[in-house]
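Undergrad: I have a structure I would like to understand better, so I am pasting it below and will then ask my questions one at a time.
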Protein chains: 4
Amino acid sequence: MDAVKWKTGITKVEPNKIVTRGYPQDELIGNVPFSHVVFLLMKGEMPSESEGKMMDAILTACVDHGVTPPSSQASRVVASGGVPMPTAIAAGLMSIGDFHGGAIEKGALFLQDGVKRMKDEGKSAEKMASILVKESKEKGKRILGFGHRIHTDDPRTKKLLLLAEELGIAKEHVALSRAIAVELEKTLGKKLPINVDGCVAALISDMGFDWRLGKAFFVIGRTAGLTAQVYEEISREKPMRRMWSADVEYDGP
Amino acid sequence: MDAVKWKTGITKVEPNKIVTRGYPQDELIGNVPFSHVVFLLMKGEMPSESEGKMMDAILTACVDHGVTPPSSQASRVVASGGVPMPTAIAAGLMSIGDFHGGAIEKGALFLQDGVKRMKDEGKSAEKMASILVKESKEKGKRILGFGHRIHTDDPRTKKLLLLAEELGIAKEHVALSRAIAVELEKTLGKKLPINVDGCVAALISDMGFDWRLGKAFFVIGRTAGLTAQVYEEISREKPMRRMWSADVEYDGP
Amino acid sequence: MDAVKWKTGITKVEPNKIVTRGYPQDELIGNVPFSHVVFLLMKGEMPSESEGKMMDAILTACVDHGVTPPSSQASRVVASGGVPMPTAIAAGLMSIGDFHGGAIEKGALFLQDGVKRMKDEGKSAEKMASILVKESKEKGKRILGFGHRIHTDDPRTKKLLLLAEELGIAKEHVALSRAIAVELEKTLGKKLPINVDGCVAALISDMGFDWRLGKAFFVIGRTAGLTAQVYEEISREKPMRRMWSADVEYDGP
Amino acid sequence: MDAVKWKTGITKVEPNKIVTRGYPQDELIGNVPFSHVVFLLMKGEMPSESEGKMMDAILTACVDHGVTPPSSQASRVVASGGVPMPTAIAAGLMSIGDFHGGAIEKGALFLQDGVKRMKDEGKSAEKMASILVKESKEKGKRILGFGHRIHTDDPRTKKLLLLAEELGIAKEHVALSRAIAVELEKTLGKKLPINVDGCVAALISDMGFDWRLGKAFFVIGRTAGLTAQVYEEISREKPMRRMWSADVEYDGP
């Protein structure tokens, strides 16, 4: 059978030599913050100082949101069955889908398409926001990345946007995102502010990331939180404990 | 049904307020490197500057080792089936077990037990290493964390240990680990140096982490590498491609 | 906190009494073949004798396709890291996505839409097939469930269709599927026969299953094959062995 | 790079020909119940009629236990994040570990060791049970597979054992298991009957299966139940709903 041939631009491994994206790993270790290495892996190039700071902020904003999100529940419940820690962490990550963290991926695609149209058609962010909100209404489709079940003024979003302005990261995608929030409030008659997923979607778009990487920022940040969730479960609780309750009624035959 | 009651020390979520390990998340965002937040989540307290630097180094040393480790292969192959990115990343993490990254967990337990015995019995690292190597030989059990399939002088290990000495992180567990390597060479007549798993095991033990968290350092670091592997697979390759080859012979009935 | 309330029609559990879909489990055990219980769980009602036989056949047709499909590779590779058997089996199932088994889900949706249009518009299967193939060509979209990388005349498909005719299971969806294959051959000038995914899609549609359950038939059948793959890996092979080979070239910076 | 060479006894795939464990798949399809094919895959040979019936019974006994086991919760919660059905089913399977279904694997090992000692030492099941219970007490270790949180007289166990006697499947491992239950009652002064995990452990041991396959019976049976759980979740409930409740108190800094 002929050998399969393929190419990778991530890491070259030779005896006693490991080169990642052009950098020997032993030069990265101890010299470069982990967040910069994450950026390097995802983008293929080292971040500027501002980009590196933004990366730290984005990953931190995704880190943990308590025990109730599907990811925490899945990790805890799987851990309680008595499995290796990586299996339990993985179960939590698997819940990151269209409805849990999905707005980063789809939101980024939506904003990147929107900004492209802004440029192609020579329109302002405000004008484009008005068009997009109208179109979404007509199609009966929600614009993802706005509004939160618990927070009306999410502290993570506020801080991320502030920082993005300070660092000069915020550009057209953040502008369009802000304009959409204004337009949604006008149309709906109530505030529907940018949520943390929508905010990350705008920021990574302004940093030039492919929208298909959207969920990965959440995955990488949240892995740290899920580690803590799993560790707390196995170190403080009994296996197979009754973890949650619900009044469940059987309505089958 | 009576409500289940339980306690968590990780994150408190209230409307417009998120507090993790005592720190409002909006004070962490933009002020603290992600690696320090990871430390905070795993340990329950903020790292010192040295510990923070060591954490960056450890996570970076776990980041990626090319396309051949089980984790990369699993993530690539699952991605090629056409699934969400988090599912593909999770599949890679699930391969982290007794034989892939497992030496961090078991190695840390072994070293922590060894250092406890050193202190209880008032023995030096050299004496304890000699006892441990002898015991392992008698039981026919390998000591985990020494030797590597590819590297005889792993650049990651060398750099991590150098840094740990500079930062004052290296203490008894690193000392015992070094003494075991010396003892193994004496006994086996060939070098079997500390590998990257064994090195991380010693370092996190010297930083006071529970051995049960051993694999989590690998998981968190490697999540970044697997993200790159999955992204490269979906952006450069065709779905369901023949990815690897082997001469497979059917020897069934 | 007020208790969450919800309903389930699957299983009622009381001390010493377990009722699934209306049947006490101890009356199912020993009296009903497993395949019928699978049908009962998925459909909410017991199969007729013909449906039960068809179910056995469908699950058997999904059972295993050697070591090369992504699911086998993922399960083998994850097993080789040294993890519990269920984790390794799960990793294989996770590769079942848009491109691996996905044609069952999307193919069933396509056929169910097609048959609905046939009935609504009073068209024959042949007429509808001609319309659908034309539409797909115009949209530049492949119709899923036809053609196979290895088999030109898949023995599983042939047998499943034969059996479906004998049992009186084959109805409009199989008819439309056959008509599409004929139409595709006419249009493309070469045979593109119904493949096993497309065949299962047609059969479960004729049995009245929701298309969203499409991948589940593959999952349930393949779980048995993946069990054998994982067991063979751990009982015949060394951990972390080099399982596959490829000529990998680093083309990064 | 030289090709990796390896052997498999599971399935041979050639164009238009698929042979599993020596049987062309198109001869299995429609002729052999799925449960027998599962047996064939796991054991390498076709079951006798009795073994086939027992296999159906064992898989059915593992099928579902309502919404509260970790596997159901994990599958439901992951499904609610908006992911493909196989990912959600896999998450449930991943919770099958030392404490959830684990007694099948460890229980089978314990019984197989026990029966070996019975034969080697020429002891009766009663004598061996008395020794094993005494040893376990001395080591402070629970014997797995006895007692249940909800059922004092599990209807699945009762039916499985009855059937095993009728079919002539029950042999030394069931005998030892029964003797242990008697001995446990004598020692503890209360009933601790064989539970469904312990029962499956005994039955698969009497059928000659490797204990390492223990969890696989549970995995294969439960995959059907988890499919129903996931389907009910996505077809009857809203995404990201609050699924379970608990009084959670933050006791961190």
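The values are calculated or read from the model by the stated rules, or taken from the named source; none is laboratory data. All of these numbers come straight from a predicted model, not from anything done at the bench. For neighbour counting, all protein chains shown are included, and Cβ atoms are generated from backbone atoms with ideal geometry for every residue, glycine included. All accessible areas refer to the heavy atoms of the entire protein, side chains included, with ligands and DNA or RNA removed. Shrake-Rupley method; radii C 1.70, N 1.55, O 1.52, S 1.80 Å.
Undergrad: Compute the orientation-averaged projected area for segment C:6-46 from the convex hull of its Cα atoms and round it to one decimal in nm².
TA: With the hull built on Cα positions only, its mean projection is 3.1 nm².
Undergrad: Mind listing P(r) for segment A:97-236? All alpha-carbon pairs, 10 Å bins, whole percents.
TA: Percent of Cα pairs in each bin: 12, 41, 33, 10, 4, 1.
Undergrad: Show me, for segment C:236-251, the HN-Hα J-couplings you get by feeding each phi into the Karplus relation (A = 6.51, B = -1.76, C = 1.60, θ = phi - 60°), rounded to Hz, glycine and proline as x.
TA: Per residue, the Karplus-derived 3J(HN,Hα) values read 10, 10, 7, x, 6, 5, 6, 9, 9, 10, 7, 7, 9, 10, 7, 10 Hz.
Undergrad: A further question on this structure: Run the label-point distances for residue C:166 please: 7 Å along Cα to Cβ, every other copy, nanometres, shortest first.
TA: 2.8, 7.5, 7.5
Undergrad: How large is the helix-only mean residue ellipticity at 222 nm for chain B, computed as the sum of -39500 (n - 2.57) over DSSP H runs with n ≥ 4, divided by its residue count, in deg cm²/dmol to the nearest 500?
TA: -18000 deg cm²/dmol
Undergrad: Using Cα centres only, tell me the gap between segment C:78-148 and segment D:88-141 in whole Å.
TA: Computed from Cα coordinates, the inter-centre distance equals 44 Å.
Undergrad: Residue by residue through D:234-240, how many Cβ atoms from other chains fall within 10 Å of the Cβ on average?
TA: Mean shielding by partner chains, rounded to a whole number: 4.
Undergrad: How large is the charge dipole for segment D:6-46, taken about the Cα centre, if only the Cβ atoms of Lys, Arg (+1) and Asp, Glu (-1) carry charge, to the nearest 20 debye?
TA: 180
Undergrad: Which order do C:116, B:5 take by accessible area at a 1.4 Å probe, largest first?
TA: B:5, C:116
Undergrad: What order do C:117, D:21, B:76 take when sorted by accessible area (1.4 Å probe), most exposed first?
TA: C:117, D:21, B:76
Undergrad: Given D:39, D:23, D:9, which one lies farthest toward the positive end of the charge dipole of segment D:6-46, if we put +1 on the Cβ of every Lys and Arg and -1 on the Cβ of every Asp and Glu?
TA: Projecting each Cα onto the dipole axis, the largest value belongs to D:9.
Undergrad: I've got another one for you. Work out the mean other chain Cβ neighbour count within 10 Å for the residues of C:142-155 and drop it here as an integer.
TA: The shielding value for this peptide is 3.
Undergrad: While we're on this one: Could you bin all the Cα-Cα distances of chain C into 10 Å bins starting at 0 and give me the percent of pairs in each, rounded to whole numbers?
TA: Bins of 10 Å from zero give 7, 25, 28, 23, 13, 4, 0 percent of pairs.
Undergrad: I'd like the Karplus ³J(HN,Hα) series for segment B:216-226: coefficients 6.51, -1.76, 1.60, θ = phi - 60°, whole numbers in Hz, and an x wherever there's a Gly or Pro.
TA: After applying 6.51 cos²θ - 1.76 cosθ + 1.60, I find 5, 4, 5, 4, 5, x, 5, 3, 5, x, 5 Hz.
Undergrad: Now for a different question. Going by amide H atoms built from the backbone, whose H comes under 5 Å of the H on residue B:250, apart from near neighbours?
TA: D:8
Undergrad: In a Gaussian network model over chain A where Cα atoms closer than 10 Å are linked, find which of A:210, A:26, A:98 has the largest mean-square fluctuation.
TA: A:26
Undergrad: Sticking with this one: Between residue A:150 and residue B:249, what is the label-point separation in nm under the 7 Å Cα-to-beta-carbon projection?
TA: Taking the simple label geometry, residue B:249 and residue A:150 are separated by 6.0 nm.
Undergrad: While we're here: Using alpha carbon centroids, what distance separates segment C:169-222 and segment D:1-70, in Å?
TA: Spelled out, the Cα-based centre of one part sits 23 Å from the other.
Undergrad: Got a sec to turn the phi values of segment B:96-109 into Karplus ³J(HN,Hα) couplings, 6.51 cos²θ - 1.76 cosθ + 1.60 with θ = phi - 60°, whole Hz, x for Gly and Pro?
TA: 3J(HN,Hα) across segment B:96-109, in whole Hz: 6, x, 4, 9, 10, x, x, 5, 5, 5, 5, x, 5, 4.
Undergrad: How much accessible surface area, in Å² rounded to 10, belongs to the heavy atoms of residue C:165 with a 1.4 Å probe?
TA: 90
Undergrad: Sticking with this structure for a sec: Please tell me which of these pairs span more than 29 angstrom C-alpha to C-alpha: B:141/D:191; A:238/B:123; A:106/C:141; A:158/C:7; C:53/C:127; A:116/D:238?
TA: Check vs 29 Å cut-off fails for B:141/D:191; A:238/B:123; A:158/C:7; C:53/C:127; A:116/D:238.
Undergrad: Highest GNM mean-square fluctuation, chain C, Cα pairs closer than 10 Å: which of C:73, C:229, C:25?
TA: Of the options given, C:25 has the highest mean-square fluctuation.
Undergrad: Quick one: how many Å² of residue B:135 are accessible to a 1.4 Å probe, rounded to 10?
TA: Surface open to solvent at residue B:135 totals about 50 Å².
Undergrad: Cross-link partners among aspartates and glutamates for residue D:43, C-alpha distance below 14 Å, same-chain residues fewer than 8 apart left out?
TA: Within the straight-line cut-off, residue D:43 pairs with C:232, D:51, D:206, D:210.
Undergrad: Could you work out the relative contact order of chain B? I mean the mean sequence separation of Cα pairs under 8 Å and 6+ apart, divided by the number of residues, in percent.
TA: The normalised contact order for chain B reaches 27 percent.
Undergrad: Quick one: ranking D:23, B:250 by accessible area, 1.4 Å probe, largest first, what do you get?
TA: I get D:23, B:250, largest accessible area first.
Undergrad: Using the Cα centre of chain A as the reference point, and only Cβ charges (+1 on K/R, -1 on D/E), how large is the resulting charge dipole? Debye, rounded to the nearest 20.
TA: Dipole about the Cα centre, nearest 20: 360 debye.
Undergrad: Let me ask you something else. Sort shortest first the distances from residue B:126 to its counterpart in every other copy, using label points 7 Å along the Cα-to-beta-carbon line, and give them in nm.
TA: Listed shortest first, these distances are 6.4, 7.9, 9.4 nm.
Undergrad: Related question: Averaged across C:51-58, how many Cβ atoms of other chains sit within 10 Å of each residue's Cβ atom?
TA: Other-chain Cβ atoms within 10 Å of each residue's Cβ, averaged: 3.
Undergrad: A further question on this structure: How are the Cα pair distances of segment C:149-212 distributed, in percent, across 10 Å bins from 0?
TA: 22, 53, 24, 2
Undergrad: Tell me which C residue has its C-beta closest to the axis rotating C onto A, and the distance in Å?
TA: C:87, 2
Undergrad: Taking each label point as 7 Å beyond Cα in the direction of the beta carbon, state the distances from residue A:22 to the same residue in the other copies, shortest first, in nm.
TA: Listed shortest first, these distances are 4.3, 6.0, 6.8 nm.
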